[in-house]
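The values are calculated or read from the model by the stated rules, or taken from the named source; none is laboratory data. From a predicted model like this one, the values you see are computed outputs, not experimental measurements. Using ideal geometry, Cβ is built from the backbone for each residue, glycine included, and neighbour counts are taken over all protein chains shown. Heavy atoms of the whole protein, side chains included, go into the accessibility calculation; ligands, DNA and RNA do not. Shrake-Rupley method; radii C 1.70, N 1.55, O 1.52, S 1.80 Å.
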Amino acid sequence: MDSLTLHIIHPAFEKLRRYGSGLHLLAALIILLHALSHVHQQESRPVYFWCQLIIATDILILVFAGRGLLEHSSRINLFFRGVEIIFFLGIGILMLMSGKWLTGFSHIGLFVLYCYLLYCEQGISKSHLLSIHHTGMEIPHIPNTRFFLWSNINRIEAHYDSIQIGTSNGEILHFSLRKNLDFDELEQIHEFCRHYLKS
């Protein structure tokens, strides 16, 4: 028996993919508000304002005109998430150095939140692969892929269009498949079950 990889639809990753555009929109609005709030202050520099305005505009154009691009191109999504992270960190540090503690810490909080979001989104490209090996099963999860030894799996119910896994701690994992299994793949899963789960 060779290892088997299945292309699945992971609900958590699909939700993260759907809400990603909304989080880009939130970041763009915060950047835009920050730029507008500093435009009339005496210590504000025009370059500072225009840089923020251009970044916010780029993100807004991407959100409204390139929504499909954001959802299907992980590199573009990760690039703009990185820009947002750099902005939040930079503004947070500047605000803290200016003694504006509340604004500074709120931007540092957003920096941490968006860093975690970036960490989770990096796994989206691998999120559709569930692998069955001789040692166990590798299942995509947020924030990291989970690996279950066969001793931690109680049962597997495989159908042509879905797979359900019951773990030893009572967890039930159900995934729809992106492509229906052919007979040989389904038989291979049943062979794994007969060999390792005695079922």
dims of the chain, Cα set, principal axes, largest to smallest, nearest Å -> 75, 33, 22
Each label sits 7 Å from Cα toward the beta-carbon; between LYS179 and THR167 the label points are separated, in nm, by 2.8 nm
Just subtract the alpha-carbon distance of ASP2 and LEU149 from 0.36 nm times their residue separation and send over the number in nm, one decimal.
51.3 nm
Once the Cα atoms of helix 46-65 and of the chain are each reduced to a long axis, what angle between those two axes, in degrees from 0 to 90 to the nearest 10, is obtained?
30 degrees
Taking a probe of 1.4 Å and leaving out DNA, RNA and ligands, the chain shows per residue an accessible area in Å² of 57 Å²
Where does the chain land at 222 nm, in deg cm²/dmol rounded to the nearest 500, when only DSSP H runs of n ≥ 4 count, each adding -39500 (n - 2.57), divided by all residues?
-18500 deg cm²/dmol
I need the shape label for segment 134-199. Rule: rounded when a/c is under 1.5, else prolate if a/b > b/c, else oblate, with a, b, c from the alpha carbon gyration tensor.
oblate
A correct Karplus calculation of ³J(HN,Hα) over segment 17-24, with 6.51 cos²θ - 1.76 cosθ + 1.60, θ = phi - 60°, whole Hz and x for Gly and Pro, returns 5, 5, 7, x, 5, x, 6, 5
Share of carbon and sulfur in the accessible heavy-atom surface of the chain [1.4 Å probe, %]:
64 percent
